[in-house]
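The values are calculated or read from the model by the stated rules, or taken from the named source; none is laboratory data. Computed from a prediction, not measured in an experiment: that's the story for all the values here. When we count neighbours, we look across all protein chains shown, and the Cβ atoms used for this are built from the backbone with ideal geometry, even at glycine. These accessible areas exclude ligands, DNA and RNA; they are computed on the full protein's heavy atoms, side chains included. Shrake-Rupley method; radii C 1.70, N 1.55, O 1.52, S 1.80 Å.
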Amino acid sequence: MAFIIKPLVTEKMTKITDKRPNRYGFIVKPEANKLEIKSEVESLYNVTVEDVNTMRYSGKRSSRYTKAGLIRGQKAAFKKAIVTLKEGDTIDFYSNI
């Protein structure tokens, strides 16, 4: 089952990867646990995962004013995983572009 939704390629994650070159971030499904994330990253990218840290983010309420009036909504909740690889392993997200 696919637990990884997409890799995180943001400014903040790039700073973390520059500081520690063997850490990468992914957006994962909220029901995924650390063992499932570890096995999927190892099978997809052919690397050895040493550690997985996960964080849950709740959906935030948002509203905006438009010509039609006040529009209210909610941003989706998600789970983020920071994966630490074995020394010397790397993941290239831009290889298939």
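Values computed for the structure shown
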quantity	calculated
Residues of segment 34-60 that turn out to be over 13 Å from the mean Cα position of the chain (by Cα) and not in a helix (DSSP H, G or I), as a count	9
Test: residue in segment 71-87 that is among the acidic types (Asp, Glu) and either in contact with a helix residue (DSSP H, G or I) (Cβ under 6 Å, 6 or more places away or on another chain) or open to solvent by less than 90 Å² (accessible area, probe 1.4 Å) (or both)	no
Sole exception among (1) surrounded by fewer than 15 Cβ atoms within 10 Å (Cβ to Cβ); (2) in a loop (DSSP other than H, G, I, E, B) for Lys12, by number	(2)
From Lys60, Lys79, residue being farther than 18 Å from Asp92 by Cα and without any contact (Cβ under 8 Å) to a residue 24 or more places away in the chain	Lys60
Check on Ser63, open to solvent by 60 Å² or more (accessible area, probe 1.4 Å), farther than 20 Å from Phe78 by Cα and not in a loop (DSSP other than H, G, I, E, B)	no
Test: residue in segment 70-79 that is closer than 21 Å to Ala2 by Cβ, among the aliphatic types (A, V, I, L, M) and part of a loop (DSSP other than H, G, I, E, B)	yes
